[in-house]
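Engineer: I am attaching a structure below and will ask some questions about it afterwards.
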Amino acid sequence: MADPIPLHVNGAERRITAPAGLSLLSALRDQLDLTGAKYSCGEGQCGACTVLIDGKPVRSCLVPAASAAGKRIETVEGLERNGVLHPLQQAFLDKAAFQCGYCTPGFLMASVALLRRRPNPTPTQIRSELNGHLCRCGAYPRIVEAVRIAASRKR
Amino acid sequence: MDPKTRYKIETFDIEPDRFEIFAPSAHRLEFSRREFFATLGAGILYVISAQDAAGQQPERIAMRLHLAPSGLITVLTGKVDIGQGLRTLLTQAAAEELRVPPHQIRIQTADTAITPDDGGTWASLTTPQTVPVVRRAAAALRQAGFQPQALQQTVASSVTLTDPKDWKILGTSLPTVNGRDIVTGRQQYGSDLKIEGMLHGRILRPPSYNATLTALDTSQATNLPGVRIVRDGTLAGVVAAGESTAAAALALLKPQWKESPLPDPSTLYDHFRKTAEAPVFQKGSRYPALLEAGAVADAMRTAARRHQTTYTAQYIAHAALECRSAIAVWEGRKLTVHCGTQAPQVVRRELAGAFRIPLADVRLIVSTIGAGFGSKHRGECELEAAALARAAGKPVRLAWSREDEFLAGYFRPAALVDVNTAVDANHRITAWDFHNYNSGAAGIAIPYTIPNYYCGFHKSASPLRQGSYRSLAAVANTFARESHLDELAHLASADPLQYRLRHIEDPRLRHVLEEGARLFPWPSRSKGAGLACTIEKDARLALFAQMESPAKVARLLLVFDCGAVLNPDNLRNQLTGALIQGIGGALFEAIRYDTRQVLTHRLSRYRLPRFADLPAIDVHLIDRRDVPPAGAGEAGITLVAPALANAIFSLTAERRRALPLSPSPAFKT
């Protein structure tokens, strides 16, 4: 076992002890019980494991937990505040921008990063920004609508 | 006993296309009141077998509803939620008939210790089969005023269901009941579960497709702390306290394999022909493998013109985003498995058989599933987890990797379809001779009026493991039929829409075509437009497509009539998703393999539809409150390939008869 790694997750200081090379995804899911980020491909093709590190979307299945030490990590579990959904969560819910919902946390986190950088994206920008994410159920058109609605409500 | 035969005898008929149910297990290996109330809490449990007026349904399905002192009503179903909206639809059905608000209803999905066996979650049966049963049970309970004594009388005298024209909750777009859990990340899928004290397993996979293990040197792997090597019949794996230790131990195993080559993929379709069996008529089957009328041979002889074509479809993968996982717990000789199967009772029987224990001693508790599309009908992962747990003497979690999904699961069957037709001097079709090799009987029936026809499904030997996929063989068969119809229209110099209408009597099918033509509009002024229509699982649908290039769809317009619509927004979501999924299989998805191994074993090698592939999509629903609703989770996928093939023909004058239609160069076989 390696030394404890300090992880700053959703505003809280957490500490994990992880074997060398453990992915951030496994650390979040298995050690911190944050199972919102999902495993699906293990090679950065699907985006289901997306979380934010210092505001940037990353594929947590490819990032070693140790490399995230001391950085600001945001996961889907941190979006809701005092029982109030984040505007993107509310918009995904209002548009039912999901079917099985397995890809939803990844789409949400990537969209959070997108709207911070670009508060009013066009549909083309949304599609191109989220093209690295897979929704096998095919909720894509609703996801674009949900991101646009969230952007319009934020303004 | 063969699990298919067993299941068939004990429950109900399964379509012949469910190859995975016929297949042997992945490995050969040498309830009580307490459970109800532990899960549901105190209250009254009603077991209701409510027949309809004709005494027809629901044969053997007894519905279970539980009333808690708080007023919360739990509907127990053996079905599972795979993203099709099962919880929402059953909530609507129960709330409508009980006259209670939807938030007072809870749906308990498959837990074999407490829920009834109402069949696997497949074949779009939730709407036509489960919803009516829940409605009848709920209506009976309301009419009896929740009094058990009165309930017996109510059921005996049959119940009155709410007339669809008076629906207040059914027929509305009730939002997904677990939507908030989905957007907050709180929704628990099978792969999110943990159990106190569980260990982690890994399975040793062969380096080539059909290799078998002949020897295993475990000396190095056993040096790792806390690692247990498991060999049980044909299965080999490791168990350790953590996933990374299990992975490290697996890498230290030194196996020897006996390889056995696959037939050359370039000979696949010949292989199907060589190994084909004659179609056999099965009485009472949902998809008979043989349908015939008139005298095809005579009509062929006297034809003004004949047209003979062959269509093919490659193996494709389901690629549901959640990979399989299972946690197996043994208590003595009793086994509990937490998992994400679409067919809990099939897997339960498989496990009871594999471990030679009574069925009553196997309990499956199914979580919400990160989609299935037909991939999760067999207990490969559950069986492996249970074998590891039995050897380890502790609960074991086994989570499949994406590679496991590709290499140890099964694919949608590849297909070879011969279509041979005859027309008279007026270009009317007089004979239809249709043969599907290998992929299945679903969708061989013709919605056109043709006096002489022979439609048969020939079982063949498949080199790769194959099984159910969204709408089964209807994708390949509808592709062949609707492409061929377009070819006949072209040969007759007729408009493909008018040519179809000349052969269609069914008023609802005519209506979806005419409605689509009005909205699209058809005939299109631009090149690159194509259409297709079908009757699939009692639904009538027509799809109009506009292609920008042979590899890019610009627009899809679907007109869909499945009778009464239970939840319009959920139905639109399902149909849109089916169209998008259909684009993958139509244009570029294909499993590539060589004589040793499947080569497309990761998502970086297996292309799936993304935003960049997305056309503009319009879905028009025709809500017929007077027609009992047909299932709709699958049907939308069946028209994409033919509509796109027909659109490509309009664009390029090239007739493409092989799926995928436009494989990217790197993926071409």
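The values are calculated or read from the model by the stated rules, or taken from the named source; none is laboratory data. In this text, all values refer to a predicted model and were calculated from it rather than measured experimentally. Methodologically, a virtual Cβ is constructed for each residue, glycine included, from the backbone with ideal geometry; neighbour enumeration extends over all protein chains shown.
Engineer: Out of B:A643, B:A590, which single residue is more than 14 Å from chain A (Cβ to nearest Cβ) and in contact with a Gly (Cβ under 7 Å, 6 or more places away or on another chain)?
Structural biologist: The match here is B:A643.
Engineer: Oh, and also: Which residue out of B:A297, B:A303, B:A247 is in contact with a Lys or Arg (Cβ under 7 Å, 6 or more places away or on another chain) and either loosely packed, with under 15 Cβ neighbours inside 10 Å or not in a strand (DSSP E or B) (or both)?
Structural biologist: B:A247
Engineer: Oh, and also: Only one of (1) farther than 24 Å from B:I182 by Cβ; (2) assigned to a strand (DSSP E or B); (3) modelled with pLDDT of 95 or more is not met by A:I5, so which one is it?
Structural biologist: (3)
Engineer: Is one or more of the residues making up the stretch B:384-392 surrounded by 24 or more Cβ atoms within 10 Å (Cβ to Cβ), within 14 Å of another protein chain (Cβ to nearest Cβ) and not basic (K, R)?
Structural biologist: No - not one qualifying residue is present in the stretch B:384-392.
Engineer: Can I ask one more? Residues of the stretch B:494-541 being hydroxyl-bearing (S, T, Y) and closer than 23 Å to B:L566 by Cα, which ones?
Structural biologist: B:T534
A quick yes/no check of all residues on (1) closer than 30 Å to B:A236 by Cβ; (2) outside any loop (DSSP other than H, G, I, E, B); (3) of a type in the set (F, W, Y); (4) at pLDDT 95 or above:
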{"site": "B:N426", "(1), (2), (3), (4)": "no, no, no, yes"}
{"site": "B:I446", "(1), (2), (3), (4)": "no, no, no, yes"}
{"site": "B:Y453", "(1), (2), (3), (4)": "no, yes, yes, yes"}
{"site": "B:L472", "(1), (2), (3), (4)": "no, no, no, no"}
{"site": "B:N477", "(1), (2), (3), (4)": "no, yes, no, yes"}
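Engineer: Name, by its number, the condition in (1) outside any strand (DSSP E or B); (2) surrounded by fewer than 24 Cβ atoms within 10 Å (Cβ to Cβ) that does not hold for B:H435.
Structural biologist: All conditions are met except number (1).
Engineer: Further, regarding this structure: So, in the stretch B:325-334, how many residues would count as being in a strand (DSSP E or B) and not aliphatic (A, V, I, L, M)?
Structural biologist: Here the count works out to 4.
Engineer: Looking for something at pLDDT 95 or above, over 28 Å from the mean Cα position of the chain (by Cα) and either more than 14 Å from chain A (Cβ to nearest Cβ) or surrounded by fewer than 20 Cβ atoms within 10 Å (Cβ to Cβ) (or both) - is there at least one such residue anywhere in the stretch B:173-189?
Structural biologist: No - not one qualifying residue is present in the stretch B:173-189.
Engineer: Return the residue satisfying two criteria in turn: it lies in the stretch B:488-540 and is in a helix (DSSP H, G or I) and of a type in the set (G, A, S), and of such residues it is surrounded by the most Cβ atoms within 10 Å (Cβ to Cβ).
Structural biologist: Here the residue is B:G516.
Engineer: Still on this structure: Testing A:G44 on (1) modelled with pLDDT under 95; (2) in contact with a strand residue (DSSP E or B) (Cβ under 9 Å, 6 or more places away or on another chain), one condition comes back false. Which one is that?
Structural biologist: (1) is the only condition that A:G44 fails.
Engineer: Related question: Given the criteria over 17 Å from B:C455 (Cβ atoms) and either touching a Phe, Trp or Tyr at 6+ places or on another chain (Cβ under 8 Å) or within 14 Å of chain A (Cβ to nearest Cβ) (or both), does B:A326 qualify?
Structural biologist: Criteria not met by B:A326.
Listed here are the residues, each with its yes/no results for (1) in contact with a helix residue (DSSP H, G or I) (Cβ under 8 Å, 6 or more places away or on another chain); (2) part of a strand (DSSP E or B).
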| site | (1), (2) |
| --- | --- |
| B:C323 | yes, no |
| B:T336 | no, yes |
| B:A354 | yes, no |
| B:G370 | yes, no |
| B:G374 | no, no |
| B:L383 | yes, no |
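Engineer: Within the stretch B:79-126, take every residue that is within 14 Å of another protein chain (Cβ to nearest Cβ) and within 22 Å of B:V362 (Cα to Cα) and give me the one that is surrounded by the fewest Cβ atoms within 10 Å (Cβ to Cβ).
Structural biologist: By that ranking, first place goes to B:T109.
Engineer: Of the residues A:R72, A:R136, A:R148, which is crowded, with 24+ Cβ neighbours inside 10 Å and basic (K, R)?
Structural biologist: A:R136
Engineer: Taking B:V627 as the residue in question, decide whether it is over 19 Å from B:A415 (Cα atoms), among the hydrophobic types (A, V, I, L, M, F, W, C), in a loop (DSSP other than H, G, I, E, B) and more than 22 Å from the chain's Cα centre (by Cα).
Structural biologist: yes
Engineer: Still on this model: Tell me, which helices (runs of 4 or more DSSP H) wholly within the stretch B:1-80 include 3 or more residues that are at pLDDT below 80 and charged (D, E, K, R)?
Structural biologist: Correct list: B:3-10, B:33-40.
Engineer: Here's something else I'd like to know. Looking at the stretch B:203-225 only, could you name the residues that are of a type in the set (S, T, Y), within 26 Å of B:G409 (Cβ to Cβ) and out of contact with any Ser or Thr (no Cβ under 9 Å at 6 or more places or on another chain)?
Structural biologist: Answer for the stretch B:203-225, where residues must be of a type in the set (S, T, Y), within 26 Å of B:G409 (Cβ to Cβ) and out of contact with any Ser or Thr (no Cβ under 9 Å at 6 or more places or on another chain): just B:T214.
Engineer: Let me ask something else about it. Please count how many residues of the stretch B:549-566 are closer than 30 Å to B:P628 by Cα and either assigned by TED's automatic domain parsing to the domain that holds B:P128 or part of a strand (DSSP E or B) (or both).
Structural biologist: Residues meeting the conditions: 6.
Yes or no, residue by residue, for (1) in contact with a Pro (Cβ under 7 Å, 6 or more places away or on another chain); (2) in the same structural domain as B:H200 (by TED's automatic domain parsing); (3) farther than 30 Å from B:L351 by Cβ:
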site	(1), (2), (3)
B:P395	no, yes, no
B:F406	no, no, no
B:T430	yes, no, yes
B:S439	yes, no, no
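Engineer: So is B:L262 more than 28 Å from B:R605 (Cα to Cα), in contact with an Asp or Glu (Cβ under 8 Å, 6 or more places away or on another chain) and modelled with pLDDT of 95 or more or not?
Structural biologist: No: the conditions fail for B:L262.
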